[in-house]
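The values are calculated or read from the model by the stated rules, or taken from the named source; none is laboratory data. For clarity, every value in this text was computed on a predicted model and none was experimentally measured. Cβ coordinates were reconstructed from backbone atoms using ideal geometry, including for glycine residues, and neighbour counts include every protein chain displayed. Areas reflect the complete protein model, heavy atoms only, side chains present, ligands, DNA and RNA absent. Shrake-Rupley method; radii C 1.70, N 1.55, O 1.52, S 1.80 Å.
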Amino acid sequence: MDFDRLAHQLRSPVMVIRTLASLAAKRLAADDPNRDLLESIKRECIRLDDLIEGAGIEPERGPVDLPVLLAELQPVALALARERQVQLSWRTEAAIPVLGDTQALREVLMNLLDNAFKYTGADGTVTLNIERVGTDCRIEVNDTGEGIADAELVNIFEPYYRGEAGSRLPGQGLGLAIALDLVERMCGQISVYSDPGRGSTFTVCLPLVITT
C-alpha cells in the first residue's frame, strides 16, 4: 500500500478518536483531572494529522517555548508511567531558552521516555532532567532498568536494531534512530551511557538561543 492511500485511510480513525475525546470531555466536571488526559489525546490527534499531511517532521530552528511543551507532555508521560507501574521524576529548569524545533523536540522526548518506560520494570524509576549547562540545554532521561550491554551500545541508534532485550518487547526499533535524526537536524547531539543491570541514561544537548 502506498503512503498516500494509507494516509487517507488513517485520517478517518484519527478524526473519530479526536471527536470521541471531545464528547467525553463534555461529560466531565470542570475540575475533573481526566480532562487533562482528554486534552492530551486531542493534541496527539492534531499532531498525527500534521504528520500525515507532511509525511514526517522537518525541523526548523528557532526558540522553543519549553514551559508550554513540557506542560503538554507531562500528562501523557505520567499516564504512560502509571500504566507501566513506573515512577516518573520530573526535574526541569523550564525557562531555558533552547534553540530547536518544538514538534521535533516533542518527538525526541516522547521517544526517549517511552523507551525508558519499556525497559524499566514495575516499581522502577524514570527521571527527566533538563538544565542549562554552559551554552547548551542538556536533557537527560535516566532509567533504573536492566541497562544495555556494551556490545549493543555501538548499534543502539541504528534503524530497526533492538538488541536482546528489545526482541522480547513490541516495537520496530525505530524510536532511537528517529530521535538521533531529529536531534542532529536541530544541530544537537545525543549520547547514551549504560550500566548493565542498573539502568541507562540518554543525554541530548541542544544549543541555547543566543541573545545580544
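Using θ = phi - 60° and the Karplus curve 6.51 cos²θ - 1.76 cosθ + 1.60, what whole-Hz ³J(HN,Hα) does each residue of segment 194-210 get, with Gly and Pro shown as x?
9, 10, x, x, 10, x, 9, 10, 9, 10, 10, 10, 10, x, 8, 5, 8
Suppose R0 equals 22 Å; then what is the FRET efficiency for residue 174 and residue 150 from their Cβ-Cβ distance, rounded to the nearest 0.05? Kindly include the intermediate steps, with their values, before the conclusion.
Values: r = 23 Å, r/R0 = 1.03.
My answer for the efficiency is 0.45.
Using a 1.4 Å probe on the protein heavy atoms only, what accessible surface does residue 22 show? Give it in Å² to the nearest 10.
Estimated to the nearest 10 Å², residue 22 gives 40 Å².
Stretched out fully, how many nm does the piece from residue 133 to residue 49 gain, at 0.36 nm a residue minus the Cα gap?
Values: separation 84, 0.36 × 84 = 30.24 nm, distance 3.51 nm.
Extra length available between residue 133 and residue 49 comes to 26.7 nm.
Suppose we look only past 22 Å in the calculated P(r) of segment 71-149. What percent of the Cα-Cα pairs does that tail hold? Kindly include the intermediate steps, with their values, before the conclusion.
Values: 746 of 3081 pairs.
Percent of Cα pairs beyond 22 Å in segment 71-149: 24.
Can you tell me the length gained on complete extension of the stretch residue 158 to residue 78, counting 0.36 nm per residue apart and subtracting the Cα distance? Intermediate results must be reported in sequence, preceding the final value.
Values: separation 80, 0.36 × 80 = 28.80 nm, distance 2.80 nm.
Length difference between fully extended and current span is 26.0 nm.
How far apart, in nm, are the 7 Å Cα→Cβ label points at residue 22 and residue 184?
4.0 nm
Assuming R0 = 35 Å, what is the FRET efficiency of residue 191 and residue 36, from their Cβ-Cβ distance, to the nearest 0.05? All intermediate terms of the calculation are to be shown ahead of the outcome.
Working: r = 33 Å, r/R0 = 0.93.
Efficiency for this residue pair is about 0.60.
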